[in-house]
Amino acid sequence: MNNNGVNSIEIKKINRQTIYKFLYRHEPISIQEIAYTLNMSLPTVTQNIKELYERGLVIKTGLFESTGGRKAKAISYNSTARYAIGLDVTRNHIGAVLIDLSGKVIKNERRQFPFINSKEYFKGVGNYVQAFIEDYNINTKDILGVGIALPAIIAPDRETVSYATVIDFKGGKVSAFSEYIPYPCVFSNDANAAGFAEMWGDETFENVVYLSLNNSVGGSIIIKKNIYEGYNNRSGEFGHMTIVPNGRACYCGKKGCVDAYCSAKLLSDSTNGNIAEFFRLLSIGNKEQKLIWEEYVSHLVIAVNNLRMLFDCNVILGGYAGAYMDDYIGEIRELASKYNTFEVDGSYLRVCKYKLETTAVGAALILVEDFIKNI
Ligand SMILES: [Zn+2]
């Protein structure tokens, strides 16, 4: 075997990926500037751009003045070369998104669709996915696949559920879904997917803790842009940190877990499950909601401060409840900082930027990331 041959193929692949990743993160730019910025030779860049262009992965977006006064072609990655579908499977609903390579949401939908571990259910999901993209004239070969986020612990193969209590799917396989879906499917944990979406495209910070305040509380830990999975893929299970010894019963069977105090349900139970209505009533100073909110926040800030003490990085409030907290972030920061040994301000605490279907977007972005890695 000729080692030099293998090496040159590897180098070629690395160059192609470097150029594509660079284009993915930047505004349209000339071949000359790509070569200059990446410290590559002009022929190398030209050859790679030609190949990527022939594959439809980059586009020429027009002419602009280059430094020599000569008009140069601007090169950009083609955000509509591929698409990905994301599903957020919950106990009672399915949220779905269709995104392009940039992560832009082309379509999103959420509907009642109770999870049942049965062939009828998985077949129903398959039909739903087909109908969901029907209106869009997308070539099926341009669909990277379907990312399926579950309220469950996922094994490292991304195809098996190793633990689940919110839905009855322990030991479940991705093949249960993919039997009825004609695209590659991968599982992800719901909170990890949401955290991943929040970090996507953000160059300003590398480490973040995402606290997912849905009807069950979870989260994810992202270190250097990668999800920290833990040894059993159980990292970020913030919902089951004990904050009140012998406290309220948690659905997991233990007592005093964060989930029993910070689930979005505690808020929306007062408004027939409607979280938007809860925050509307809170905003107009309705007494019942105000009392519920104060009690809720008093526990939330303990969880938040614990996360700050543990990770010393930004903490994002997400999930159904987190998405509504923009107007209250000042108050929450102030209360959280009262527990903080080192800091007087709580500016490390943020509200999520994606307000809709974050989890489904993140599940789909995992396929986009795979695609970029293997370009
Ligand atoms: Zn628990």
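The values are calculated or read from the model by the stated rules, or taken from the named source; none is laboratory data. This one's a predicted model, so the numbers in the text were calculated from it and none came from an experiment. Glycine also receives a Cβ, built like all others from the backbone with ideal geometry; neighbour counts cover every protein chain displayed. In case anyone asks, the SASA skips ligands and DNA or RNA and just uses the protein heavy atoms, side chains included. Shrake-Rupley method; radii C 1.70, N 1.55, O 1.52, S 1.80 Å.
Using the structure shown, decide if Ile59 is in contact with a helix residue (DSSP H, G or I) (Cβ under 9 Å, 6 or more places away or on another chain), open to solvent by less than 80 Å² (accessible area, probe 1.4 Å) and either of a type in the set (S, T, N, Q) or not assigned by TED's automatic domain parsing to the domain that holds Pro184 (or both).
Yes; evaluated as a whole, the condition is true for this residue.
Would you mind listing the strands (runs of 3 or more DSSP E) fully within the stretch 9-115 where at least 1 residues are in contact (Cβ under 8 Å) with a residue 40 or more places away in the chain?
Hits in the stretch 9-115: 71-77, 83-89, 93-100, 105-112.
Under 6 Å by Cβ, and 6 or more places apart or on different chains, what pairs join a residue from the stretch 241-253 that is charged (D, E, K, R) with one that is within 9 Å of the ligand (Cβ to nearest atom) and open to solvent by less than 50 Å² (accessible area, probe 1.4 Å)?
Correct list of pairs: Arg248/Ala260.
When you look at Gly236, is it more than 21 Å from Asn305 (Cβ to Cβ) and not basic (Lys, Arg), yes or no?
When the stated conditions are applied, Gly236 does not pass them.
If you check Leu144 against the conditions, is it open to solvent by 10 Å² or more (accessible area, probe 1.4 Å), under 30 Å from Ile375 (Cβ atoms) and in contact (Cβ under 8 Å) with a residue 24 or more places away in the chain?
Here the answer is yes, as Leu144 does meet what is asked.
So, in the stretch 241-251, of the ones that are touching a helix residue (DSSP H, G or I) at 6+ places or on another chain (Cβ under 6 Å) and open to solvent by less than 50 Å² (accessible area, probe 1.4 Å), which residue ends up nearest to Ser298 (Cα to Cα)?
Ile243
Taking the residues in the stretch 272-293 that are open to solvent by 60 Å² or more (accessible area, probe 1.4 Å) and hydrophobic (A, V, I, L, M, F, W, C) as candidates, determine which candidate is farthest from the ligand (Cβ to nearest atom).
Ile284
Which condition does Ile375 not pass, out of (1) at pLDDT 95 or above; (2) over 13 Å from Tyr210 (Cβ atoms), if it passes all the others?
(1)
For the stretch 16-45, give me each residue that is β-branched (Val, Ile, Thr) and open to solvent by 60 Å² or more (accessible area, probe 1.4 Å).
Thr37
Those residues that are of a type in the set (Ser, Thr, Tyr) and more than 9 Å from the ligand (Cβ to nearest atom), I need them from the stretch 224-242; list them, please.
Within the stretch 224-242, Tyr228, Tyr231, Ser235 meet the criteria.
Which of the following residues is more than 16 Å from the ligand (Cβ to nearest atom), closer than 16 Å to Leu213 by Cα, open to solvent by less than 10 Å² (accessible area, probe 1.4 Å) and in contact with a helix residue (DSSP H, G or I) (Cβ under 9 Å, 6 or more places away or on another chain): Val258, Val301?
So the residue among Val258, Val301 that is more than 16 Å from the ligand (Cβ to nearest atom), closer than 16 Å to Leu213 by Cα, open to solvent by less than 10 Å² (accessible area, probe 1.4 Å) and in contact with a helix residue (DSSP H, G or I) (Cβ under 9 Å, 6 or more places away or on another chain) is Val301.
Every residue in the stretch 243-254 that is over 23 Å from Gln289 (Cα atoms) and near the ligand (Cβ under 8 Å from one of its atoms), please.
Tyr251, Cys252, Gly253, Lys254
Can you confirm whether Gly362 is in contact with a Gly (Cβ under 9 Å, 6 or more places away or on another chain), crowded, with 18+ Cβ neighbours inside 10 Å, assigned by TED's automatic domain parsing to the domain that holds Pro151 and not hydrophobic (A, V, I, L, M, F, W, C)?
Yes; evaluated as a whole, the condition is true for this residue.
Check Phe177, Phe169 and return the single one that is among the hydrophobic types (A, V, I, L, M, F, W, C), assigned by TED's automatic domain parsing to the domain that holds Ser118 and part of a loop (DSSP other than H, G, I, E, B).
One residue alone meets the criteria, Phe169.
Return the residues of the stretch 261-271 that are away from the ligand (no atom under 12 Å from the Cβ) and in contact (Cβ under 8 Å) with a residue 40 or more places away in the chain; say none if nothing qualifies.
Ala264, Lys265, Leu267, Ser268
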